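Derivation of every value follows stated rules applied to the coordinates shown; laboratory data play no part. If you're wondering where the values come from, they're calculated on a predicted model, not measured in any experiment. Cβ placement follows ideal geometry from the backbone for every residue including glycine, while neighbour counts extend to all protein chains displayed.
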């Protein structure tokens, strides 16, 4: 049995925050504002995985009004979601994701993101796709990400 899930996330830029995308720290003059480290890509991936499991969304499992999630690494959240996938008897077949941002240029970081995500999800790097595109200068106040995941029930 297969299940598919889609995730989307958006965070505003903030000069007071560091930038983490796909679990990778990226040198840039602004980061993303959020209760956690605001890793927009990992948040979209978590939502995709939770959606495929029919377990709601990231806000239900890791509420932004709980102090224990303040400034937490999104990689920690992803590892918890990965554990949920395994506990429900599923494994990840493939993850496809897209980051939407005009700046910074993300292509130099894509391979490192794929490696980091593959390690946290417990899959081969070949099962992870990360792409980046721009907004063509429109709506430059933040960064967004989409993710689609395919899960398979283990025999």
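To keep it simple, each residue is scored yes or no on (1) closer than 22 Å to residue 85 by Cα; (2) crowded, with 17+ Cβ neighbours inside 10 Å; (3) touching a residue at least 12 places away in the same chain (Cβ under 8 Å).
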position: 5; (1), (2), (3): yes, yes, yes
position: 13; (1), (2), (3): no, yes, yes
position: 16; (1), (2), (3): no, no, yes
position: 22; (1), (2), (3): yes, yes, yes
position: 40; (1), (2), (3): yes, yes, yes
position: 46; (1), (2), (3): yes, yes, yes
position: 49; (1), (2), (3): yes, yes, yes
position: 60; (1), (2), (3): yes, no, no
position: 66; (1), (2), (3): no, no, no
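Within segment 8-38, the only residue that satisfies the criterion of being closer than 23 Å to residue 93 by Cβ, touching a strand residue (DSSP E or B) at 6+ places or on another chain (Cβ under 9 Å) and in a loop (DSSP other than H, G, I, E, B) is 22. On inspection, residue 106 qualifies as in contact with a strand residue (DSSP E or B) (Cβ under 8 Å, 6 or more places away or on another chain), in contact (Cβ under 8 Å) with a residue 60 or more places away in the chain and surrounded by 12 or more Cβ atoms within 10 Å (Cβ to Cβ).
Candidates are the residues of segment 72-93 that are outside any helix (DSSP H, G or I) and touching a helix residue (DSSP H, G or I) at 6+ places or on another chain (Cβ under 8 Å); the one that is surrounded by the most Cβ atoms within 10 Å (Cβ to Cβ) is 92.
Please determine, by comparing only the residues of segment 112-147 that are out of contact with any helix residue (DSSP H, G or I) (no Cβ under 8 Å at 6 or more places or on another chain) and in a helix (DSSP H, G or I), which one is surrounded by the fewest Cβ atoms within 10 Å (Cβ to Cβ). Selected residue: 126.
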